2 protein chains.
Amino acid sequence: MISDKMEKLVAGSSLIRAMFEEGKILAERDGIDNVYDFSLGNPNVEPPETVKNAIIEILSEEAPNRVHGYMNNSGFEDVREAIANYTNQKYQTHVSAKHIVMTVGAAGGLNVILKTLLNPGEEVVTFAPYFTEYGHYVNNYDGNLIVVPPNTDTFQPDIDVLRQVITPKTKAVIINSPNNPTGVIYSSETITQLANVLNEKQKEYNTTIYLISDEPYRELVYDDIEVPYLLNYYTNTFVGYSYSKSLSLPGERIGYIVVHPEMVHLESTLGGLNVANRILGFVNAPSLFQRVIAKTLGSEVDVSLYKKNRDLLYEHLTKIGFTCLEPQGAFYLFVKTPIEDDRQFCVDAKEYNLLLVPGSAFGCPGYVRIAYCISYQRVENSLPAFTKLWQRYE
Amino acid sequence: MISDKMEKLVAGSSLIRAMFEEGKILAERDGIDNVYDFSLGNPNVEPPETVKNAIIEILSEEAPNRVHGYMNNSGFEDVREAIANYTNQKYQTHVSAKHIVMTVGAAGGLNVILKTLLNPGEEVVTFAPYFTEYGHYVNNYDGNLIVVPPNTDTFQPDIDVLRQVITPKTKAVIINSPNNPTGVIYSSETITQLANVLNEKQKEYNTTIYLISDEPYRELVYDDIEVPYLLNYYTNTFVGYSYSKSLSLPGERIGYIVVHPEMVHLESTLGGLNVANRILGFVNAPSLFQRVIAKTLGSEVDVSLYKKNRDLLYEHLTKIGFTCLEPQGAFYLFVKTPIEDDRQFCVDAKEYNLLLVPGSAFGCPGYVRIAYCISYQRVENSLPAFTKLWQRYE
């Protein structure tokens, strides 16, 4: 009696739920400390103390009906202005409050952008491996997701294939860097090439092709590597940001969209984002956390804790024989599976109490994602299990 | 370059924005204290002190990664259980945690329900006057909203017309009581008749017709009138609830759905709500406020403050000649306009610095909505303006 589309989605999601249930059963059998759950991107590093302090300050200083009340569907004006100023300072951009739309996390932001842009049947391109929710988000507005196959040498987007898949129906390209699941940062060179292809194709087809940059991992970067800021590369760009990872607030659903100030049809696009936020039922980004963000700009979780995990796990896995690019950001390792069937590999891994996600779930079979946003102690304890898992295939 | 649908929506919303801008201009010209803005349903009564206390308690007692972290897309298990128990105690229902889905306000909840249910072309019935966002929500999933014309004698739903408009394509009926914009509470008798018609039509067409009860105003009730709890009247019922009004937290986007435990295809429906919450980009209801809700169950704003406003304004308006049903709940008066053209009436009202919303915006021309969720002082100061407005047509 639910919709036909939803019936299928529920059937699919039951499989994932079954995996979680198995994890619970393992935890009951062997104790939670002896199960190594690397399956979820739920940050373990605590939010900085500034978050708690900001909340308490706001509650004691600001009028409650303002803190918790309605505002413009695009967010509090002063918060948007603070974010615009911060962005300009950090990335030498020229945005103002009107170019910022506060959203219910990056997931909410992506839906707001796609609702604004897509006519039924239009195409959105992304690069494998990719966050599979993109497929649902595009499908919500009857668009078609076109996936460029992975370049497994570097996990940088394959720009030559991009050039081939763009058609007059291409409305947008979604990229995600630092990338989930690879941890790779798309280089300035890659981004420049990507922008060139989009500009070239816009001219060729006389269309507008938007670039949507999904950036929840922007601040989770190791070894001082710079993450190119997309507004500085391509005009028709939306940046979708979230504080889920940079402040460890994934449950609070707080993020924002930045719109390039020189985007074509700027005013109707800004109007569309505002309307989409409202009619999709978000109405506005949660109000208290909007105010928290304005007070904590520049705060970040302690990224060195993730780096410690990365170093420990990367060294161990490559030492025992696994193949993996060293991730430059995010909190994932994307490891080549020693057998072709990555789903079977994850089933095997469970025998050693290791919970992993197959690369197939990201459009990249033959790999496995290891989310190392768990305690260092737990990572350390898991190492012998990984060794045994590797030995199984030797 | 944005979608064709969105282009039209933006054009429409510009008109509303223009109205707001005019309000701003009035405030600049005559001072904010001399503009009587009755146009917005943004609560002026403060949240109860329990909300602030709960936040501070949670921040000092609970682990930050739990408070602000991911959980099941349907919400924290313990919060859902607390709401289920509270509901059972208050309304003699038999729901458990699994029948509660935490949502991003009632607007998020309605979208989650409709995404779960609707195939393209299916129909959703509602009763004028109605909250116009319903049209957008139904349209988001390519459904058609069928509006039953108002019964302006009582503003109770017209059940005879309902019987006529239900077809084999009818998937759901949305009701809203206490009602925005009339303040009317749908009686137990009305609800019983409505349930009978739905049961009758389900049998006749061998279909499932869902009842969706949108209840953000449930606690805003005067004179000890009981608001029927829909789960006790009809099996295939969803109740969509929000704390926007009962706790004056509209900006925080926190609410929940209750699913009747004996609903047909219960498991796939619960699965669908969970998936819809995720793929629409809500992901989950804001986590801190989920935890706040569990700690403040039974708390309410001081409804007597709204009652004072209602009494003052209702008495004055009816005394000077306006016609209006005395509202039993919510914070709106729905007043017959002395001229037929309610939009013109709102333009006229602006000359006296009165900002009102035409009934046409709720599918009920010839009326005007007055949102009296502003300070008593401001209501009192506005009375001479209403008198002058009435005299204009005498």
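Numbers at a glance
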{"quantity": "Any hit, the stretch B:120-128, residues being crowded, with 21+ Cβ neighbours inside 10 Å, of a type in the set (Gly, Ala, Ser), at pLDDT 95 or above and on the phi > 0 side of the Ramachandran plot", "calculated": "no"}
{"quantity": "Residue list for the stretch B:149-158, filter: in contact with a Leu (Cβ under 9 Å, 6 or more places away or on another chain) and surrounded by 21 or more Cβ atoms within 10 Å (Cβ to Cβ)", "calculated": "B:Phe155, B:Pro157"}
{"quantity": "Residues of the stretch B:191-210 classified as touching a helix residue (DSSP H, G or I) at 6+ places or on another chain (Cβ under 7 Å) and part of a loop (DSSP other than H, G, I, E, B), total", "calculated": "2"}
{"quantity": "Odd one out for A:Ser13, checked against (1) touching a Gly at 6+ places or on another chain (Cβ under 7 Å); (2) more than 14 Å from chain B (Cβ to nearest Cβ); (3) of a type in the set (Gly, Ala, Ser)", "calculated": "(2)"}
{"quantity": "Among the residues listed as B:Gly31, B:Gly69, B:Gly75, the single one being in contact (Cβ under 8 Å) with a residue 60 or more places away in the chain, on the phi > 0 side of the Ramachandran plot and either open to solvent by less than 20 Å² (accessible area, probe 1.4 Å) or more than 8 Å from every other protein chain (Cβ to nearest Cβ) (or both)", "calculated": "B:Gly75"}
{"quantity": "Checking B:Ser248 against (1) among the small types (Gly, Ala, Ser); (2) within 12 Å of chain A (Cβ to nearest Cβ); (3) without any contact (Cβ under 8 Å) to a residue 60 or more places away in the chain, the condition it does not meet", "calculated": "(3)"}
{"quantity": "Index of the failed condition, B:Thr208 passing every other in (1) within 14 Å of chain A (Cβ to nearest Cβ); (2) open to solvent by 10 Å² or more (accessible area, probe 1.4 Å); (3) closer than 30 Å to B:Asp311 by Cβ", "calculated": "(3)"}
{"quantity": "Residues located in the stretch A:34-66, provided they are within 11 Å of chain B (Cβ to nearest Cβ), open to solvent by 30 Å² or more (accessible area, probe 1.4 Å) and in a helix (DSSP H, G or I)", "calculated": "A:Glu49, A:Lys52, A:Asn53, A:Ile56, A:Ser60, A:Pro64, A:Asn65, A:Arg66"}
{"quantity": "In the stretch B:308-339, the residues that are of a type outside the set (Gly, Ala, Ser) and either within 20 Å of B:Asn176 (Cα to Cα) or part of a strand (DSSP E or B) (or both)", "calculated": "B:Arg310, B:Cys324, B:Leu325, B:Glu326, B:Pro327, B:Gln328, B:Phe331, B:Tyr332, B:Leu333, B:Phe334, B:Val335, B:Lys336"}
{"quantity": "Subset tally (residues that are outside any strand (DSSP E or B), among the β-branched types (Val, Ile, Thr), closer than 23 Å to A:Phe334 by Cα and away from every other protein chain (no Cβ under 14 Å)) for the stretch A:132-177", "calculated": "4"}
{"quantity": "Selection within the stretch A:257-273 - closer than 15 Å to B:Leu9 by Cα, more than 7 Å from every other protein chain (Cβ to nearest Cβ) and either crowded, with 17+ Cβ neighbours inside 10 Å or aromatic (Phe, Trp, Tyr) (or both)", "calculated": "A:Leu270, A:Leu273"}
{"quantity": "The listed residue being under 22 Å from B:Pro150 (Cα atoms), aliphatic (A, V, I, L, M) and out of contact with any Cys (no Cβ under 6 Å at 6 or more places or on another chain), out of B:Val239, B:Val184", "calculated": "B:Val184"}
{"quantity": "Count of residues meeting criterion [in a loop (DSSP other than H, G, I, E, B) and either acidic (Asp, Glu) or surrounded by fewer than 24 Cβ atoms within 10 Å (Cβ to Cβ) (or both)] in the stretch B:211-235", "calculated": "14"}
{"quantity": "Residues (under 29 Å from A:Thr208 (Cα atoms) and either of a type in the set (Ser, Thr, Tyr) or more than 10 Å from every other protein chain (Cβ to nearest Cβ) (or both)) located in the stretch A:274-289", "calculated": "A:Asn277"}
{"quantity": "Filter result for B:Arg369 (outside any helix (DSSP H, G or I), out of contact with any His (no Cβ under 8 Å at 6 or more places or on another chain) and charged (D, E, K, R))", "calculated": "yes"}
{"quantity": "Among residues of the stretch B:263-308, those that are within 21 Å of the chain's Cα centre (by Cα) and without any contact (Cβ under 8 Å) to a residue 12 or more places away in the chain, counted", "calculated": "1"}
{"quantity": "Residue in the stretch B:118-131 that is under 24 Å from B:Gly329 (Cβ atoms) and within 14 Å of chain A (Cβ to nearest Cβ) present", "calculated": "yes"}
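The values are calculated or read from the model by the stated rules, or taken from the named source; none is laboratory data. Since the structure is predicted, the reported quantities are computational estimates derived from the model, not experimental observations. All Cβ positions, glycine included, derive from the backbone under ideal geometry; neighbour counts span all protein chains shown. Note: accessible area is taken over every heavy atom of the protein model, side chains too, but ligands, DNA and RNA are not part of it. Shrake-Rupley method; radii C 1.70, N 1.55, O 1.52, S 1.80 Å.
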